[in-house]
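Notes follow the structure.
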Amino acid sequence: MHRAHAARLAGASVFHGFEGYGTHLEIHHDKPSRLRKHGPCGVVHIDTEDQLRAFLDTFEDILSVNGVAVLDRVQVHLPAPR
């Protein structure tokens, strides 16, 4: 989140999970009070493809330890003006 903010990406959100599993297929359950330090989470970054690909290059330290990056092309649907 802090890296995305410093890189001035258009948006970022962190989603913490109460339960999840990874490569070892062991299901992890956790109490909400421990989620800051432990437990599964997902981070969503929003910006143009070029900006996200450049930003992804700065994540080698995180991805080499434990993580995966997924780039999805999306369509943005804005509400009709009132």
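The values are calculated or read from the model by the stated rules, or taken from the named source; none is laboratory data. Everything numeric here is computed off the predicted structure, so don't read it as measured data. Cβ atoms come from the backbone with ideal geometry, glycine included; neighbour counts cover every protein chain shown. All accessible areas refer to the heavy atoms of the entire protein, side chains included, with ligands and DNA or RNA removed. Shrake-Rupley method; radii C 1.70, N 1.55, O 1.52, S 1.80 Å.
Here segment 57-77 is the region considered, the condition is being of a type in the set (A, V, I, L, M) and under 11 Å from the mean Cα position of the chain (by Cα), and the residue that is surrounded by the most Cβ atoms within 10 Å (Cβ to Cβ) is A69. For segment 15-47, which residues satisfy the criterion of being modelled with pLDDT of 90 or more and open to solvent by less than 80 Å² (accessible area, probe 1.4 Å)? Scanning segment 15-47 gives V44, H45, D47.
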